[in-house]
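To keep things clear, I will list the structure first and then write my remarks on it.
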Amino acid sequence: MRWINSDGSPMTPGEIVATTYAKFEPRPLWDIDRLRGMKLDHPPRLYCSICGKHDTVDYIETAKKWHCRSCKGWAARPSILRKKGDIKAKQSQGTRDKDWTIVDGLEAGRVMTAIENLPPAAESWTLWVHTQHCQTAHQTVVVNEAMQHVNRQGKELPSDGIKIFWLAVMLADNARESMRNGGKAHSLGHIARELGIPQSELSGIRKWGRLSSLIDGVYDGLDRQMASAVIRAIQPLHLAKNVG
């Protein structure tokens with residue numbers, strides 16, 4: 001897959017994540033012989049076609065079927081990540097174009113697996129900021145990560161826990177909005193009013209300003225973890241293509 005935007009510019013790691021989660025979903029796969037014939041260097045991300053869980057299916061040679069360790073079901077074929085809406089032919093039919101949709105799904109699966117292997121806060125950050133899987137629970141994990149970091153670095157910082165929590169929430173909103181749309185969800189004036197402090201207290205040399213920088217640094221660090229994981233996930237396939 002070429003991770004390229006419509007204007008020809010390379011996608012950022014965040015855009016790669018957004019594209020992966022927006023454009024790929026599990027779809028039925030052809031039989032085991034067809035998959036083996038592709039001679040892929042990396043196994044695709046397989047899902048149970050019954051319960052939908054991934055990495056739980058095994059091909060049982062004697063039964064000539066796939067068995068799910070989770071739901072204990074049996075199926076003729078598992079599911080694999082495929083682009084949404086682009087597969088119209090019957091499963092038993094195959095072309096080289098279809099083969100490449102498996103390769104595309106392979107890359108998408110590597111990205112998803114990389115995200116799922118991140119520490120919980122970085123995974124929640126990635127899903128909340130860069131995908132449509134933006135559940136409140138994800139933001140809660142992100143904000144709690146910031147609060148824990150503040151507690152570890154709490155010297156000469158404000159001590160009002162409730163205000164610090166709401167500052168972390170508003171700065172998380174700002175970070176997300178900035179990365180998604182290039183703007184801010186809350187102005188400095190709004191943040192100061194919500195905290196009940198003068199806006200000047202949010203300057204870099206004041207306690208609240210230093211606290212804001214500390215929290216923003218936590219969010220930047222979570223995004224860097226995401227970016228590193230995505231780059232590591234897609235590099236092996238790109239290197240293999242270049243060598244080939």
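The values are calculated or read from the model by the stated rules, or taken from the named source; none is laboratory data. Computed from a prediction, not measured in an experiment: that's the story for all the values here. Neighbour counts run over all protein chains shown; Cβ positions are idealised from the backbone, glycine included.
Okay, here's what the table says:
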| quantity | calculated |
| --- | --- |
| Close pairs (8 angstrom Cβ cut-off, 6 or more residues apart or separate chains): farther than 16 Å from Glu177 by Cα and in the same structural domain as Gln153 (by TED's automatic domain parsing) in region 196-223, of a type in the set (Gly, Ala, Ser) and in a loop (DSSP other than H, G, I, E, B) anywhere | Gly209/Ser203; Arg210/Gly204; Ser213/Gly204 |
| Tally of residues being over 18 Å from Asp220 (Cβ atoms) and either assigned to a helix (DSSP H, G or I) or touching a Cys at 6+ places or on another chain (Cβ under 6 Å) (or both) across region 145-163 | 4 |
| Scan of region 164-185 for residues that are part of a helix (DSSP H, G or I) and without any contact (Cβ under 8 Å) to a residue 40 or more places away in the chain, ordered by number | Phe165, Trp166, Val169, Met170, Asp173, Asn174, Glu177, Ser178, Asn181 |
| Residues being within 20 Å of the chain's Cα centre (by Cα), surrounded by 15 or more Cβ atoms within 10 Å (Cβ to Cβ) and not small (Gly, Ala, Ser) - total across region 191-233 | 8 |
| Enumeration of residues in region 135-163 that are in contact (Cβ under 8 Å) with a residue 40 or more places away in the chain and under 22 Å from the mean Cα position of the chain (by Cα) | Val142, Glu145, Ala146 |
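Each row is one residue, and each column tells you yes or no for (1) among the aliphatic types (A, V, I, L, M); (2) at pLDDT 95 or above.
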{"site": "Leu171", "(1), (2)": "yes, yes"}
{"site": "Arg176", "(1), (2)": "no, no"}
{"site": "Asn181", "(1), (2)": "no, no"}
{"site": "Ala192", "(1), (2)": "yes, yes"}
{"site": "Arg206", "(1), (2)": "no, no"}
{"site": "Asp216", "(1), (2)": "no, yes"}
{"site": "Arg224", "(1), (2)": "no, yes"}
{"site": "Ile231", "(1), (2)": "yes, no"}
{"site": "Leu239", "(1), (2)": "yes, no"}
